[in-house]
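Worksheet: one structure, shown below.
The values are calculated or read from the model by the stated rules, or taken from the named source; none is laboratory data. Fair warning: this is a prediction, and the values are worked out from it, not measured in the lab. Every residue, glycine as well, gets a Cβ built from its backbone with ideal geometry; the counts of neighbours run over all protein chains shown.
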Amino acid sequence: MNKILANIRSVTGVWGTIVIDKKRALTYQMLPANFEAEAVKFIAIPTLNLAQTCDRVMIIDMFFENGKARLYNRAEAVVLILGRLDMSFDALGAICKEAVPALCRRFSRGELADNTNLRSDPREAGFELLLKAINIIAYNAQRKIGAYLVTKHLRNAKDELVEDYQFMSTISVDNNGVAGLIKGYLPHKGDDLLKGFAHWANLFVSKCASSSDKLQPGDILELTLDIKGKLELTGFYQLYAGIGA
């Protein structure tokens, strides 16, 4: 992955690239070292939202006062390349003719970044982290559709899944839409933990989307961006996407 991004970076004028795997909502980037997480978030979320509104393969060239950008929208991924005014779209196109399909092939095969150690074992995902993820998702959803709908859908989604994931009976959702472990119970550590929380998140967001056009199941990256790095290491996004497929 890094080698492909480095090839794109070698084009004169290019100073940064962001690639988003659409299915898993995972983001990879090669940006200047001074870019902090908030700056990446500021670019990545609108880029993913733009790509999700486009249902076809396309290239968008953008021109700014101090630079240029090119966006490649593909079924598997969206690639945003940022450059200075001297960036040549012709030179970039020659490199990306091979680079962009290569990125998409890696995503379609489930291959991740060279420096990403992704684990699929549910025991790697702790109860506390996954409960925190659910509460972050719910909190960010409240900012879009309000506390009433979030509380309603979070409870209903959990109740629908209790038969398949018994440990959910040990979790309560209060009137503020905050999930917590019921007093007296120990955090669950079974092999179904990660899948259960991913299923809960998917069903919850789907219910929210059915009530409002302000949220879509594919918005999971935006809803969890605060802990995206930790969730990537658990395999949460892959399970979430698989459940929604």
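Criterion first (modelled with pLDDT of 95 or more, among the hydrophobic types (A, V, I, L, M, F, W, C) and part of a helix (DSSP H, G or I)) does Ala157 satisfy it? Yes, satisfied. Under the condition of being part of a loop (DSSP other than H, G, I, E, B) and surrounded by 12 or more Cβ atoms within 10 Å (Cβ to Cβ), the residues counted in the stretch 165-183 number 3.
The residues listed here are Ile20, Ile43, Ile8, Ile59; of these, the one that is in contact with a strand residue (DSSP E or B) (Cβ under 9 Å, 6 or more places away or on another chain), more than 21 Å from Lys228 (Cβ to Cβ) and buried (at least 16 other Cβ atoms within 10 Å of the Cβ) is Ile8. Note on the stretch 143-164: residues that are more than 21 Å from Phe236 (Cα to Cα), touching a Leu at 6+ places or on another chain (Cβ under 9 Å) and surrounded by 17 or more Cβ atoms within 10 Å (Cβ to Cβ) total 1. Across the stretch 185-240, the number of residues qualifying as modelled with pLDDT under 85 and in contact with a His (Cβ under 6 Å, 6 or more places away or on another chain) comes to 0.
Hey, does the stretch 9-19 have a residue that's more than 23 Å from Gly235 (Cβ to Cβ), free of Cβ contacts under 8 Å to residues at least 40 places away in the same chain, of a type outside the set (D, E, K, R) and part of a strand (DSSP E or B)? No, there is no match, as no residue in the stretch 9-19 is more than 23 Å from Gly235 (Cβ to Cβ), free of Cβ contacts under 8 Å to residues at least 40 places away in the same chain, of a type outside the set (D, E, K, R) and part of a strand (DSSP E or B). Of all residues in the stretch 52-101, those being closer than 24 Å to Phe35 by Cβ, among the hydrophobic types (A, V, I, L, M, F, W, C) and not in a strand (DSSP E or B) number 9. Taking the criterion of being closer than 16 Å to Arg84 by Cβ and free of Cβ contacts under 8 Å to residues at least 12 places away in the same chain, the residues of the stretch 35-69 that qualify are Met62, Phe63, Phe64, Glu65.
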